[in-house]
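Participant: Structure below; questions to follow.
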Amino acid sequence: MQTYDGLLAAVTAHEGQTQEVRDPATGAVIGHAPVHSVEAVDRAIETAAAAAASWAAISDADRAALLHRAADAVEAHADALVELLSREQGKPLNGPNARFEVGACAVWLRAAADTPHPNHEIINDESGRATMHYRPIGVVAAITPWNWPLMIAIWQIAPSLRMGNTVVQKPSEYTPLSGLALVRILNTVLPEGVLQSVSGGGDLGARLTSSPKVGKIMFTGSTATGKKIIEASAEHVTRLTLELGGNDAGIVLPDVDAKAIAPDLFWGAFINTGQTCAALKRLYVHDSVYDEVVAELVAFARTVPMGVGLEEQNELGPLQNKMQYDIVDRLVQSAIDSGATIECGGNPEREAPGFFYPTTIVSNIDPHNPLVVEEQFGPALPVVRFSDLDEALVLANELEVGLGASVWSSDREKALDVAARMESGTVWINGHGGLHPMIPFGGAKQSGYGKEFGAEGLKAVAVAQVVSG
Ligand code: NDP
């Protein structure tokens, strides 16, 4: 088991081009990450391509066993990894944050190992015989964002390895050390060359996505970068799984118990301090329960402490970076300027260290205010009043994105009817954002395409080959 200092030292760059990494809660420098060159990306791709044949040749059972050992390695180094993640990303240790994220890495590694292989017989009767085989693609490029730097990396790496591919991973330049540390830990059990990481800016991602030797790109991040990747993929017809941004809507029907649903509504929106692709980002509440739901949400919000991640009591942290802080600040300001009601928050201490934006709940807001229709990706939830369900559905569906959505009701049949009318990759009932390693996850509309997790996730990192006859 490695200490925090040992893990940090192992991923810190001492020569060549480096990048300063700061704690978003305090502004303190926590280390220096390497900034690799595009030539280093090319070398990593070459190494991954050279390792692909031998990795693909070992048995599926052996690859699955190695993923289990990788999960053990993550657990053995969990304390150091949690501390590095908390310092670099800013997320607190407790709540659905750093300890949760590192734990989820082990869970998803094991699930990728244990999911039954998707090979299957298609037909075998007097009309013919055909089987479907899912073959390795070759080299997978795994490009990750800064909000869940470990968990999202595992979502991309684990199924890719299980299906016999080798991987080159690029963490976000906002959270390079966590990504490098994770790969280093996984590599304590994986054969050489099977998994590598390159750290640096978007130019490295662009190099990966335009390489003829990369067969598949797994990308989670902004829709804008996703569109660039689609363009880059055209030249070599590179396969894509794109998990892009969202602006998830939740619809609260009149029959809810406001107090009972308030904690789940809150965490649906404020998980990871709102920096989650499939968080609840705009809430539509029926007029008959509107005041009560807002009051219960605000009452619950006041019980959840925000502060420096390494202080055990906190469950909300800072924004990870100034860019995101400025987006949240601008959008809340647009709500204030419009005359909406700031129920809590909305008044950041601008002189304080760190990118802390207070937990903000906004009511009586116009449904087309920028805080509602643009993705805030931070701790600010607009709550819109509705009296006509059809109109609420029009508002919920009118944006170009559709990652997740939710319906809140004590009448399951009614909730199912509403769910069928929502345009998103997932609809949760009486919850928002809960993920399960066996339940496929992915977006509709401009939130991307391709599903992750479970058998669908394994198929997405393989070439489907029919053997007929
Ligand atoms: P980006 O989409 O810019 O970054 C995601 C990853 O893509 C990073 O590793 C980034 O590298 C890399 N990248 C950047 N340019 C390219 C390129 N041309 N080709 C390939 N890869 C590239 O997201 P940001 O971090 O800039 O965040 C911007 C917005 O995206 C946020 O405000 C938020 O709305 C949304 N977002 C959504 C997330 C989600 O989970 N769906 C997660 C994070 C952000 P580098 O960091 O080095 O530039």
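Participant: Determine which member of the set VAL304, VAL308, VAL285 is surrounded by 24 or more Cβ atoms within 10 Å (Cβ to Cβ), of a type in the set (Val, Ile, Thr), assigned by TED's automatic domain parsing to the domain that holds GLY354 and not in a helix (DSSP H, G or I).
Facilitator: Values: VAL304 fails: surrounded by 24 or more Cβ atoms within 10 Å (Cβ to Cβ); VAL308 fails: surrounded by 24 or more Cβ atoms within 10 Å (Cβ to Cβ).
VAL285 is the lone residue from the list that is surrounded by 24 or more Cβ atoms within 10 Å (Cβ to Cβ), of a type in the set (Val, Ile, Thr), assigned by TED's automatic domain parsing to the domain that holds GLY354 and not in a helix (DSSP H, G or I).
Participant: Is there any pair with a first residue in region 199-223 that is closer than 20 Å to LEU182 by Cβ and near the ligand (Cβ under 6 Å from one of its atoms) and a second that is among the hydroxyl-bearing types (Ser, Thr, Tyr) and at pLDDT 95 or above whose Cβ atoms are under 7 Å apart and which are 6 or more apart or on different chains, and what are they?
Facilitator: Going by the 7 Å Cβ cut-off, the qualifying pairs are THR220/THR144.
Participant: Looking at region 224-240 only, could you name the residues that are of a type in the set (Asp, Glu) and assigned to a helix (DSSP H, G or I)? Please lay out each step first, then the result.
Facilitator: Taking region 224-240 first, the residues of a type in the set (Asp, Glu) are 231, 235.
Once the filter is applied, which keeps residues that are of a type in the set (Asp, Glu) and assigned to a helix (DSSP H, G or I), region 224-240 yields only GLU231.
Participant: So, one more: Which of the numbered conditions does GLY250 fail, given that it passes all the others? Conditions: (1) more than 10 Å from the ligand (Cβ to nearest atom); (2) out of contact with any His (no Cβ under 7 Å at 6 or more places or on another chain); (3) of a type outside the set (A, V, I, L, M, F, W, C).
Facilitator: Result: GLY250 passes all but (2).
Participant: Same structure, new question: Which one is nearest to PRO379 (Cα to Cα) among residues in region 311-333 that are more than 16 Å from the ligand (Cβ to nearest atom) and surrounded by fewer than 20 Cβ atoms within 10 Å (Cβ to Cβ)?
Facilitator: Of the residues in region 311-333, the ones more than 16 Å from the ligand (Cβ to nearest atom) are 311-316, 333.
Next cut, surrounded by fewer than 20 Cβ atoms within 10 Å (Cβ to Cβ) only: 311-313, 333.
Values: GLU311: 19, GLU312: 20, GLN313: 18, GLN333: 13 Å.
Residue satisfying both the conditions and the ranking: GLN333.
Participant: With of a type in the set (Val, Ile, Thr) and over 23 Å from VAL252 (Cβ atoms) as the only criterion, which of VAL407, VAL467, VAL394, VAL383 stands out? Break it down stepwise before answering.
Facilitator: Numbers: VAL407 fails: over 23 Å from VAL252 (Cβ atoms); VAL394 fails: over 23 Å from VAL252 (Cβ atoms); VAL383 fails: over 23 Å from VAL252 (Cβ atoms).
From the options VAL407, VAL467, VAL394, VAL383, the qualifying one is VAL467.
Participant: Please specify each residue of region 425-439 satisfying the condition of being surrounded by 15 or more Cβ atoms within 10 Å (Cβ to Cβ) and part of a loop (DSSP other than H, G, I, E, B).
Facilitator: Answer for region 425-439, where residues must be surrounded by 15 or more Cβ atoms within 10 Å (Cβ to Cβ) and part of a loop (DSSP other than H, G, I, E, B): GLY425, ASN430, GLY431, HIS432, GLY433, GLY434, LEU435, PRO437.
Participant: Here's something else I'd like to know. Give the residue that is farthest from the chain's Cα centre (by Cα), with candidates limited to residues of region 1-27 that are of a type outside the set (A, V, I, L, M, F, W, C) and assigned to a strand (DSSP E or B). Let's see the steps before the verdict.
Facilitator: Taking region 1-27 as the starting set, the residues that turn out to be of a type outside the set (A, V, I, L, M, F, W, C) are 2-6, 12, 14-20, 22-24, 26-27.
Now restrict to residues that are assigned to a strand (DSSP E or B): 18-20, 22.
Working: THR18: 26, GLN19: 24, GLU20: 24, ARG22: 21 Å.
Applying the filter and picking the extreme gives THR18.
Participant: Which condition number in (1) surrounded by fewer than 22 Cβ atoms within 10 Å (Cβ to Cβ); (2) of a type in the set (Val, Ile, Thr); (3) not assigned by TED's automatic domain parsing to the domain that holds ALA460 is the one that VAL237 fails?
Facilitator: The single condition VAL237 does not satisfy is (3).
Participant: I'd like to verify a number: residues in region 424-469 that are among the β-branched types (Val, Ile, Thr) and farther than 20 Å from TYR134 by Cα, how many? Can you show your working first?
Facilitator: Step one: of region 424-469, the residues among the β-branched types (Val, Ile, Thr) are 426-427, 429, 439, 461, 463, 466-467.
Right, trim to farther than 20 Å from TYR134 by Cα and you get 426-427, 429.
Number satisfying all stated conditions: 3.
Participant: While we're on this one: Among the helices (runs of 4 or more DSSP H) contained in region 312-418, which hold 1 or more residues that are of a type in the set (Lys, Arg)? Write out each step before concluding.
Facilitator: Values: elements: 322-338, 370-373, 389-397.
The helices (runs of 4 or more DSSP H) meeting that bar are 322-338.
Participant: Could you list, in sequence order, all residues of region 58-84 that are part of a loop (DSSP other than H, G, I, E, B) and surrounded by fewer than 18 Cβ atoms within 10 Å (Cβ to Cβ)? It would help to see each step written out before you state the result.
Facilitator: Initial filter on region 58-84 (part of a loop (DSSP other than H, G, I, E, B)): 58-59, 77.
Scanning region 58-84 gives ILE58, SER59.
Participant: Residue check: is LYS414 within 15 Å of the ligand (Cβ to nearest atom) and farther than 30 Å from PHE355 by Cα? Break it down stepwise before answering.
Facilitator: Values: within 15 Å of the ligand (Cβ to nearest atom): no; farther than 30 Å from PHE355 by Cα: yes.
In short, no.
Participant: Still on this structure, I have one more. Return a yes/no flag: does region 126-137 have any residue that is free of Cβ contacts under 8 Å to residues at least 12 places away in the same chain and over 18 Å from the mean Cα position of the chain (by Cα).
Facilitator: Step one: of region 126-137, the residues free of Cβ contacts under 8 Å to residues at least 12 places away in the same chain are 126-127.
Then drop every residue that is not over 18 Å from the mean Cα position of the chain (by Cα), which leaves 126-127.
The answer is yes, given that some residue of region 126-137 is free of Cβ contacts under 8 Å to residues at least 12 places away in the same chain and over 18 Å from the mean Cα position of the chain (by Cα).
Participant: Continuing with the same structure: Mind listing whichever residues of region 28-59 are of a type outside the set (A, V, I, L, M) and either within 24 Å of the chain's Cα centre (by Cα) or closer than 13 Å to SER199 by Cβ (or both)? Break it down stepwise before answering.
Facilitator: Applying the first criterion (of a type outside the set (A, V, I, L, M)) to region 28-59 yields 31-32, 34, 36-37, 39, 42-43, 46-47, 54-55, 59.
GLY31, HIS32, PRO34, HIS36, SER37 - these are the residues of region 28-59 that are of a type outside the set (A, V, I, L, M) and either within 24 Å of the chain's Cα centre (by Cα) or closer than 13 Å to SER199 by Cβ (or both).
The values are calculated or read from the model by the stated rules, or taken from the named source; none is laboratory data. Since we're looking at a predicted model, the values are computed, not measured. When we count neighbours, we look across all protein chains shown, and the Cβ atoms used for this are built from the backbone with ideal geometry, even at glycine.
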